[in-house]
């Protein structure tokens with residue numbers, strides 16, 4: 001696959017090496033692609049200089065390498081570098097090698113790429129739980145993948161969630177509590193002094209009888225972070241059996257990846273995307 005990058009005033013770097021290094025591409029990956037570099041379709045070396053208006057092309061032998069699943073995907077946004085998809089409930093982002101082989105969101109995206117003649121790997125930036133719905137970010141090229149992963153690690157991609165929780169919590173709140181594995185229950189996490197730092201900010205959107213809809217933003221991205229944090233303050237998510245949530249109104253955790261905000265690493269365009277609540281959560285507003 002050949003990836004093309006237009007050099008503009010917004011993303012200009014002095015040389016090809018400077019340009020690639022800006023996007024935090026690792027040394028091993030740089031070694032792999034250094035013989036597949038072109039400026040304006042002419043063979044180039046990694047220390048060749050760039051100028052505004054040039055098109056840098058990078059050849060990479062990575063290809064579409066997972067089974068296809070021909071199911072419709074709900075595309076929220078797409079450009080040359082990123083794809084944002086509304087993940088339905090009851091599907092994994094990717095296979096763990098043992099389960100869901102060929103039956104994941106990644107396989108659905110692979111089928112979409114195939115239809116568009118895009119012979120590239122499916123690169124997801126972050127994950128959602130099996131029964132959490134909403135926005136998932138995919139990178140469509142190697143530099144975007146590298147830089148968005150860097151931004152995510154450094155908490156520079158805004159990700160907001162909507163959740164229905166039991167009871168009425170404070171109008172605005174901040175939960176700063178480390179999270180670690182529950183040594184007694186496989187797959188469960190707890191607030192633990194020996195865990196990794198975790199911060200969740202929240203505010204009430206609407207109050208209902210015995211429950212409220214909250215908007216939550218993450219400063220960190222720990223496994224089950226929202227579910228653990230909300231349960232820790234006595235307001236577990238509705239339907240979240242693992243963390244003590246009631247199953248009376250919904251049979252999965254009432255959690256939805258609602259909003260993301262970040263800059264396209266290549267064009268620097270600000271991307272702000274929101275995603276409607278799925279039907280089972282929308283019914284909880286009645």
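The values are calculated or read from the model by the stated rules, or taken from the named source; none is laboratory data. If you're wondering where the values come from, they're calculated on a predicted model, not measured in any experiment. So basically every Cβ, Gly included, is an ideal-geometry build from the backbone, and we count neighbours across all protein chains shown.
Going by the conditions given, is residue 134 modelled with pLDDT under 95 and either farther than 27 Å from residue 217 by Cα or assigned to a strand (DSSP E or B) (or both)? Working first, answer last.
Numbers: modelled with pLDDT under 95: no; either farther than 27 Å from residue 217 by Cα or assigned to a strand (DSSP E or B) (or both): yes.
Considered against the rule, which asks whether it is modelled with pLDDT under 95 and either farther than 27 Å from residue 217 by Cα or assigned to a strand (DSSP E or B) (or both), residue 134 comes out as no.
On the stretch given as the range 148-191, residues that are in contact (Cβ under 8 Å) with a residue 24 or more places away in the chain and within 13 Å of the chain's Cα centre (by Cα) total 12.
Of these, 92, 139, which one is in contact with a strand residue (DSSP E or B) (Cβ under 9 Å, 6 or more places away or on another chain) and over 28 Å from residue 243 (Cβ atoms)? Walk me through it before giving the result.
Details: 92 fails: over 28 Å from residue 243 (Cβ atoms).
Answer to the check: 139.
Each residue in the range 115-136 was checked for being farther than 10 Å from residue 93 by Cα and in contact with a strand residue (DSSP E or B) (Cβ under 6 Å, 6 or more places away or on another chain), and 6 of them qualify.
Suppose we keep only residues that are under 31 Å from the mean Cα position of the chain (by Cα) and part of a strand (DSSP E or B) within the range 6-55. Which one would you say is surrounded by the most Cβ atoms within 10 Å (Cβ to Cβ)? Here the answer is 37.
Within the range 174-190, can you find the residues that are over 26 Å from residue 89 (Cβ atoms) and either surrounded by 15 or more Cβ atoms within 10 Å (Cβ to Cβ) or in contact with a helix residue (DSSP H, G or I) (Cβ under 8 Å, 6 or more places away or on another chain) (or both)? If the condition is that a residue be over 26 Å from residue 89 (Cβ atoms) and either surrounded by 15 or more Cβ atoms within 10 Å (Cβ to Cβ) or in contact with a helix residue (DSSP H, G or I) (Cβ under 8 Å, 6 or more places away or on another chain) (or both), then 177, 178, 180 are the ones that fit. In summary, residue 149 fulfils each of the numbered conditions (1) surrounded by fewer than 18 Cβ atoms within 10 Å (Cβ to Cβ); (2) in contact with a strand residue (DSSP E or B) (Cβ under 6 Å, 6 or more places away or on another chain) with the single exception of condition (2).
Does at least one position in the range 192-206 carry a residue that is out of contact with any strand residue (DSSP E or B) (no Cβ under 6 Å at 6 or more places or on another chain) and closer than 25 Å to residue 74 by Cα? No, every residue in the range 192-206 fails to be out of contact with any strand residue (DSSP E or B) (no Cβ under 6 Å at 6 or more places or on another chain) and closer than 25 Å to residue 74 by Cα.
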